[in-house]
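Asks: For reference, the structure I am asking about is given below.
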Amino acid sequence: MEDSFASAVVILLLVTDPIGNIPLFVSLLRHVDPERRVRVIVRECAIALAVLLICVPFGGSLLELFGLSERSLNLAGGVILFLIALRMIFHGPEGIFGETASGEPFIVPLAIPSIAGPAAIATVVLLVSRAPQRVPEWLLAVTVAIAASLVVLVFAERISRWVGEGVLAAFERLMGLLLTAIAVEMLLRGIEGFVRQLQSG
């Protein structure tokens with residue numbers, strides 16, 4: 001099944017997980033000067049965008065360099081997504097990506113891996129490997145997804161106060177369920193491709 005632009009944006013939003021990142025951003029930026037918080041969020045989202053945009057034109061070259069097939073990428077991406085989805089559903093106090101840092105964060109852990117994590121990078125590379133002729137479309141999809149994440153994270157504190165931690169946690173678990181289904185689909189694609197290769201061999 002061919003990926004559409006809309007489905008690519010939705011998957012990227014799920015793997016960058018702006019709603020799930022709200023508690024992390026609020027916690028890490030609590031001790032940062034309120035006047036700098038927006039600039040820090042914009043900076044971190046810009047870094048994450050740059051990382052993912054670099055993966056779009058060079059995704060195919062990376063696959064060739066390491067001798068990876070679309071089947072292996074489907075399987076690896078599915079496993080990564082599945083593990084992250086499980087952590088989204090069974091959320092611990094330390095957050096999805098473990099311990100948080102003190103002071104003003106720079107690149108880690110906000111830009112990477114909270115936004116541009118392994119799942120997001122694998123998703124971008126997989127999209128390009130499936131349809132390399134649609135690179136401009138994937139560039140736009142990545143930009144739209146990060147722009148949406150930026151809007152959510154700029155208002156992270158307000159959203160956290162408005163809806164409360166319980167609603168945020170419930171919504172993140174729902175996103176985790178959707179991500180689980182996507183992970184299973186990726187695993188099935190990888191297994192199907194592997195079986196076809198065995199049959200043709």
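The values are calculated or read from the model by the stated rules, or taken from the named source; none is laboratory data. Nothing here was measured: the structure is a model prediction, and the numbers come from that model. No Cβ is skipped: glycine too gets one built from the backbone with ideal geometry, and neighbour counts run over all protein chains shown.
Asks: When you go through PHE66, PHE82 one by one, which is the residue that is farther than 24 Å from PRO109 by Cα, out of contact with any Pro (no Cβ under 9 Å at 6 or more places or on another chain) and aromatic (Phe, Trp, Tyr)?
Replies: None of the others qualify; the one that does is PHE66.
Asks: Would you mind finding the one in ALA148, ALA181, ALA120 that is under 22 Å from ILE80 (Cβ atoms), surrounded by fewer than 17 Cβ atoms within 10 Å (Cβ to Cβ) and in contact (Cβ under 8 Å) with a residue 60 or more places away in the chain?
Replies: ALA148
Asks: Do the conditions hold for ARG173, that is, is it of a type in the set (Lys, Arg), touching a helix residue (DSSP H, G or I) at 6+ places or on another chain (Cβ under 7 Å), touching a residue at least 60 places away in the same chain (Cβ under 8 Å) and buried (at least 19 other Cβ atoms within 10 Å of the Cβ)? Please lay out each step first, then the result.
Replies: Details: of a type in the set (Lys, Arg): yes; touching a helix residue (DSSP H, G or I) at 6+ places or on another chain (Cβ under 7 Å): yes; touching a residue at least 60 places away in the same chain (Cβ under 8 Å): yes; buried (at least 19 other Cβ atoms within 10 Å of the Cβ): no.
The answer is no for ARG173.
Asks: So, one more: Identify all residues within region 30-39 that are surrounded by fewer than 19 Cβ atoms within 10 Å (Cβ to Cβ) and in contact with a Leu (Cβ under 9 Å, 6 or more places away or on another chain); write none if there are none.
Replies: ARG36
Asks: Right, next: Considering (1) over 13 Å from the mean Cα position of the chain (by Cα); (2) at negative phi; (3) modelled with pLDDT under 90, say which one GLY67 fails and leave the rest.
Replies: (2)
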